[in-house]
Amino acid sequence: MTSWRWRLTFACGAGVWLGAGALAQTNKPEPLKTTVQTCGSYQVKITGNGFGEPQDTLRLMKGGRTYATYRDEAVSLDSCTDLTGDGVPEAILTQYSGGAHCCTMGQIYSLTTPPRLLLEQGLSNSPGWEIVQLDGKGPKELLTSDWRFAYAYGLSYAESPALPQFLAYRGGRYVDVTREYPALLLKGIRAPQPEESVSGTLLSNYALYLLAGQPQKAEAYLQTLPRPEREWLQNYAPDIRQNLSTVGLDDWPQRAGGQGGASWRDLRGGAGGSFTRPGTLEYLGTTVRQGTGAVRLYQQRGGQVVASAPLLSFREPADHPELDPLATFTVRRVSGRDDVVLRDELAGRVQLRAYRVSPQRLTELTADPLGVAVRLLSDVENLGRQRERLTDGSSRTDAQKQALQGRIAAALPRAQAWQKTYDPASKTPLNLAKLGVFNVQSVEVYRENASSALVAGVVEMGDVVPGQGYVQRTRQTFAVFLDNRGGTWQVTRWQLSPRQGAGPLDR
């Protein structure tokens with residue numbers, strides 16, 4: 001089981017570049033051609049001309065009736081086979097938009113009457129699914145690649161590893177079961193080969209240890225690596241852990257029924273954790289449907305995924321509907337239960353807030369060391385974000401620039417209120433008058449008891465340089481020290497220190 005991940009990864013990388021090259025060489029549209037393929041009692045009718053205009057069209061049809069229609073730069077029926085073992089074939093369809101390193105979508109239909117959609121998935125740079133039999137019995141499983149580390153942590157795309165993703169047929173659909181195969185995940189760990197990216201392979205190995213539930217082995221593995229690679233992975237370890245928190249959970253909104261259910265296109269991100277009690281696996285997900293967004297808690301009950309009522313609702317910003325409007329960070333507490341930090345930029349002002357999660361509500365943590373530390377981070381990040389907007393290269397009117405200056409003037413005193421507790425011995429100077437970016441990447445509680453607490457994490461920060469149209473960012477560790485004084489949590493001091501370990505592109 002050591003070859004499947006790399007076989008699939010390299011195959012899809014080559015496929016994308018062939019498509020992009022064909023697109024670049026096309027000078028005029030080819031004539032439209034129509035082909036009809038039979039799958040069970042259905043026909044798959046494809047009309048198109050490759051990457052020419054108009055887009056190609058695929059129709060799933062029976063008896064003159066069209067049950068599904070897909071349009072893209074390239075469309076195909078990839079397979080017609082019985083995946084589930086019920087004697088009814090499944091049609092595997094894919095669409096590719098022509099972009100590099102992305103943009104493949106796929107669907108699997110069971111060809112009953114009417115057909116049933118068993119899976120719809122954004123496949124990113126993967127060409128489709130590999131049909132496998134992982135447990136030796138029953139319906140076939142599917143293998144594809146998880147591209148969450150594309151361009152991450154100072155990697156080029158060629159160096160970026162793809163993690164394996166396993167899908168199994170459960171409850172009438174295909175669902176992500178990657179976490180259920182730790183032994184297979186561990187079999188993917190190996191030494192880099194001469195033709196492969198060393199950094200990408202090492203990141204993949206570290207991530208696979210974590211996914212397989214072996215964090216101690218993951219940390220021990222780091223100690224065996226050469227210093228540049230070890231420091232690089234240690235630098236980004238909090239980000240990697242946060243990124244992996246949603247493995248196997250991203251499709252839970254799709255699996256949930258009722259008002260909490262969502263299509264693949266409705267998903268806007270989330271965070272995984274043990275929100276209601278230690279040891280559970282839960283997902284706090286954001287979805288948007290017809291411009292209205294909702295944050296819900298998704299849980300497993302009796303093998304089914306259930307969704308809470310909206311814990312928070314909002315209107316999606318019309319100018320950037322593709323963005324995750326509410327970024328989330330999972331924060332592990334000493335009890336083993338997780339809280340969450342939400343970043344809200346919907347009103348133009350950055351607001352970081354810490355919450356306790358239940359199926360009924362999000363309860364903001366105010367009289368709590370995490371909540372106090374996050375308010376500090378929020379006020380400083382908001383100042384940096386407003387200044388960052390002035391240097392991001394966007395075209396703005398004088399009135400818009402003046403409005404931003406007003407936001408900066410309002411943000412500065414809120415941030416300066418925390419300046420008095422900034423440790424003068426800190427390794428990184430903090431000049432709020434020049435701060436151009438302060439972007440929180442992760443938040444963790446490292447120590448907490450009845451009298452004191454330490455909240456730490458990672459930020460990207462940098463100062464505005466006159467005449468420079470961008471802000472040079474550096475990664476810093478923040479550490480916020482708090483004491484409980486008379487029942488009130490207060491920041492006694494906080495500090496910043498540079499994180500070591502540049503990514504491969506920055507060495």
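A few notes on this one:
- Surrounding net charge for Gly503, when Lys and Arg each add one and Asp and Glu each subtract one, Cβ distance under 12 Å: -2
- Counted charge near Gln165, where neighbours are those whose Cβ lies closer than 9 Å (Asp, Glu -1; Lys, Arg +1): -2
- The Cα center of segment 367-437 and the Cα center of segment 448-507 differ in position by 13 Å.
- By accessible area with a 1.4 Å probe, ligands and nucleic acids excluded, highest first: order of Cys102, Cys80: Cys80, Cys102
- Evaluated over the chain, the count of Lys pairs having alpha-carbon atoms less than 25 Å apart is 9 (only pairs 8 or more residues apart or interchain).
- Heavy atoms of Leu186 accessible to a 1.4 Å probe, total area in Å² rounded to 10: 50
- Per residue, the accessible area of the chain comes to 45 Å² when a 1.4 Å probe rolls over the protein heavy atoms.
- For the peptides 439-447, 370-378, 274-282, residues were scored by their other Cβ atoms within 10 Å and the scores averaged per peptide; the highest-first order is 370-378, 439-447, 274-282.
- Accessible-area value, Asp82, 1.4 Å probe, nucleic acids and ligands omitted, Å²: 50
- For the chain, pairs of C-alpha atoms spaced more than 35 angstrom apart make up 41 percent of the total.
- The solvent-accessible area of Val198, taken with every protein chain present and a 1.4 Å probe, is close to 70 Å².
- Modelled spin labels at Cys80 and Thr38, positioned 7 Å past Cα toward Cβ, are 0.7 nm from each other.
- Environment charge of Val341, counting only residues whose C-beta is closer than 13 Å and scoring Lys/Arg +1, Asp/Glu -1: -1
- The listed residues Val175, Val306, once ranked by accessible area (1.4 Å probe) with the largest placed first, stand as Val306, Val175.
- From helices alone, the chain scores -7000 deg cm²/dmol at 222 nm; the rule is -39500 (n - 2.57) for each run of n ≥ 4 DSSP H residues, then divide by the residue total.
- What the phi angles of segment 229-242 give under the Karplus curve with 6.51, -1.76 and 1.60, with θ = phi - 60°, is a coupling list of 6, 5, 5, 4, 5, 5, 4, 9, 3, x, 5, 5, 4, 5 Hz, glycine and proline written as x.
- Relative contact order (%) - segment 351-489, alpha-carbon pairs under 8 angstrom, separation at least six: 22
- Here the accessible area of the chain is 51 percent carbon and sulfur, with a 1.4 angstrom probe and all protein chains present.
- In terms of accessible area, using a 1.4 Å probe and ignoring ligands and nucleic acids, Leu202, Leu412 rank largest first as Leu412, Leu202.
- Phi angles of segment 178-187 translate, via the Karplus equation with coefficients 6.51, -1.76, 1.60 and θ = phi - 60°, into HN-Hα couplings of 3, 5, 7, 10, x, 5, 5, 4, 5, 5 Hz per residue; Gly and Pro are given as x.
- Taking every C-alpha pair closer than 8 Å and separated by at least 6 residues, the mean separation divided by the residue count of the chain gives a relative contact order of 8 percent.
- When both segment 117-140 and segment 155-214 are represented by their alpha-carbon centers, they are found 15 Å apart.
- Segment 347-462: projected area of the alpha-carbon convex hull, averaged over directions, in nm²: 9.3
- Loop-resident sites, segment 226-293, for trypsin sites (Lys or Arg not before Pro), counting at most 15 other Cβ within 10 Å (DSSP): none
- Compactness index (Cα Rg / 2.2 N^0.38 Å), segment 245-365: 0.99
The values are calculated or read from the model by the stated rules, or taken from the named source; none is laboratory data. Keep in mind it's a predicted model, so treat the numbers as computed, not measured. With ideal geometry, Cβ positions are generated from the backbone for all residues, glycine too; neighbour counts draw on all protein chains shown. Please note that ligands, DNA and RNA were not included when accessible areas were found on the heavy atoms of the full protein model with its side chains. Shrake-Rupley method; radii C 1.70, N 1.55, O 1.52, S 1.80 Å.
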